[in-house]
1. Can you tell which of Val38, Val256, Val66 shows the greatest fluctuation in a Gaussian network model of the chain with Cα springs below 10 Å?
2. Please list 181-193, 385-397, 290-302 highest first by mean number of surrounding beta-carbon atoms within 10 Å per residue.
3. Once the Cα atoms of helix 75-86 and of the chain are each reduced to a long axis, what angle between those two axes, in degrees from 0 to 90 to the nearest 10, is obtained?
4. From Cα pairs below 8 angstrom and at least 6 apart in sequence, can you work out the relative contact order of segment 268-344, rounded to a whole percent?
5. State the Cα centre-to-centre distance between segment 395-409 and segment 143-202 in whole Å.
6. Helix 169-183 versus the longest principal axis of the chain: what is the Cα-based angle in degrees, 0 to 90, to the nearest 10?
7. Quick check: Cα centre of segment 233-311 to Cα centre of segment 19-83, how many Å?
8. What order do you get for 150-163, 360-373 when each peptide is scored by the mean count of other beta carbon atoms within 10 Å, highest first?
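The values are calculated or read from the model by the stated rules, or taken from the named source; none is laboratory data. Every value quoted in this text rests on a predicted model; they were computed, and no experiment measured them. Positions of Cβ are generated from backbone atoms using ideal geometry, with glycine treated the same way; all protein chains shown enter the neighbour counts. Calculation scope for accessible area: heavy atoms of the full protein, side chains included, ligands and nucleic acids excluded. Shrake-Rupley method; radii C 1.70, N 1.55, O 1.52, S 1.80 Å.
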Amino acid sequence: MRTPITRVSITPIAFPDPPLLNSAGLHQPWALRSIVEVTAADGSVGLGESYGDAPHLELLGKVAPVLDGLDVFDLTGLRTRAAAAIGAADTPDRHGLTGPSSAAKTLARVVSPFEVALLDLQGQATGRPVWALLGGLVRDRVPFSGYLFYKWAAHPGAEPDDYGEALDPAGLVEQARRMVARYGFRSLKLKGGVLPPDDEIAAVEALREAFPEHPLRLDPNCAWTVETSVRVAEKTAGLLEYLEDPTPGLAGMAEVAAAVPMPLATNMCVVELGDLPEAVRRDSVQVVLADHHYWGGLTGSATLAAVCRTWGIGLSMHSNSHLGISLAAMVHLGAATPNLTYDADTHTPWQLGADVVTEPLSFVDGAVAVPHGPGLGVTLDRDALARMHADYLACGLRERDDTSYLRQFRPGFEKLRPRW
Ligand code: GKR
Ligand code: MG
């Protein structure tokens, strides 16, 4: 039986984002997202969530009208119609920090929220959870890692948030204690590339002392040269389960990988299937971070997982500022991915309680219990959606730009990769 699409809507939203630092700059006061609703002829509504930057929204808006009449089970039709609607559009990525843009990467990002919404609808039509459509359950709980950031106490002129300042090892340990107490995370990732490498080594040492059992990761987003990366890796040997994107490019990563004891992970130099042959040939990375927002949705991420399994490459999951629809999508993917070999990243704590779904999935002991109802298992909170859309209209931001925002307070700041 065909279940045709009758309506597609895209709502840009904004929610408050704390002043988190990374190698590109500082998070702006608002994170932008888009909420995709796909309505089928039987009245059911499938949900998707994606980036909210203006060029991306424009492309989502081109795809929405061409989906009219498409069967919700026709994912190939979705990709074909989306490709025709956006043509050779090539917009830069602002979130995965995923290197040079291309038309193929753009299409993968644009298809993603519609694909998630269609899978949600397929699940509702068949009475099955999305994980069942992705191959079936391999775990009941999907484990996540606590994501630590150097941060300011408050955006200039605003009230401090709940986590306060973290600009040294003691501040990070305190942030980690709060996050672990609230969510129970069993592993911790530190977003590095912010302070000179020796300061970040000291932070890792302090975290190890405070959390002797927690696997730790450090991700400087390509802020280091090969030489610096090797030096940091030597000093953190035995402390990190993996080192993520220490240096730019597959060649640089391969040089580092050959010299250091821990696996190297990436969400920057392997971001589409075409990156994998060279990465394998050079042995540049031992762990890839999947992210359905730019790997072409949940089925695209499942394909990545299969390739990683083939080549013995570990798999983790990448995250940007996101809300409960994306969290649900990540949980279904994790539930059905046999080789999710590391705890997934999540920005959930940094939403500070904001959400666009009525009952967000929750964390117990650092993991989310996999939902067993039809589809994604989350329902849109229409009042919250309206409020967040009003915030989008009022906030004035239309694209993420961490570098320009930090430059307002540090006029000389430049995004340098590598910096040290
Ligand atoms: O949210 O600042 C951030 C992160 O740095 C994010 O943009 C990265 O894409 O979390 C990401 C990563 O692992 O590289
Ligand atoms: Mg990363």
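1. Val66
2. Highest to lowest by the protection proxy: 290-302, 181-193, 385-397.
3. So the inclination is approximately 80 degrees.
4. The normalised contact order for segment 268-344 reaches 30 percent.
5. Cα centroid of segment 395-409 versus Cα centroid of segment 143-202: 21 Å apart.
6. Long axis of 169-183 versus the principal axis of the chain: about 30 degrees.
7. If we compute the Cα centre of each part, the gap is 26 Å.
8. 360-373, 150-163
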